[in-house]
Amino acid sequence: MNWLLKWWRATQRSTDLTTLWPVCKQHARDIDHARAAFFMHAVNDTAWTRDYSEDEIIARVSELQ
């Protein structure tokens, strides 16, 4: 069952990156504000926080273009 939950969270993160991230970029003043908005979502979403530490989330978000 653990593998299924881990797969589901990975699917949710993928959806965030393909759907939410472009919206953040489109509506933000600049890339830094877009990253900040996405980061605020990620650190409050168990799909991210169950599998990544805050430092790992910061690293992933800082790589977003």
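From the list W21, W48, exactly one residue is under 11 Å from the mean Cα position of the chain (by Cα), in a helix (DSSP H, G or I) and touching a residue at least 40 places away in the same chain (Cβ under 8 Å). Which is it? Explain how you work it out, then say what you get.
Numbers: W48 fails: touching a residue at least 40 places away in the same chain (Cβ under 8 Å).
None of the other options fit; the residue is W21.
Among the residues making up region 51-62, those that are part of a helix (DSSP H, G or I) and more than 17 Å from T19 (Cα to Cα) are E54, D55, E56, I57, I58, A59, S62.
Quick one: count up the residues across region 18-35 that are exposed (fewer than 13 other Cβ atoms within 10 Å of the Cβ) and not charged (D, E, K, R). If you could, list the steps in order and put the result at the bottom.
Taking region 18-35 and keeping what is exposed (fewer than 13 other Cβ atoms within 10 Å of the Cβ), we get 18-19, 22-23, 26-27, 29-32.
Now narrow it down to the ones that are not charged (D, E, K, R): 18-19, 22-23, 26-27, 31.
Residues meeting the conditions: 7.
Taken together, the residues in region 1-39 that are of a type in the set (D, E) and over 19 Å from E56 (Cα atoms) amount to 1. How many residues does region 36-54 contain that are farther than 20 Å from Q65 by Cβ and either among the charged types (D, E, K, R) or surrounded by fewer than 14 Cβ atoms within 10 Å (Cβ to Cβ) (or both)? Number satisfying all stated conditions: 7.
Coordinate-derived values only; no laboratory data. Just so it is clear, the model here is predicted, and its values are computed rather than measured. Every residue, glycine among them, receives a Cβ derived from its backbone with ideal geometry; neighbour counts consider all protein chains shown.
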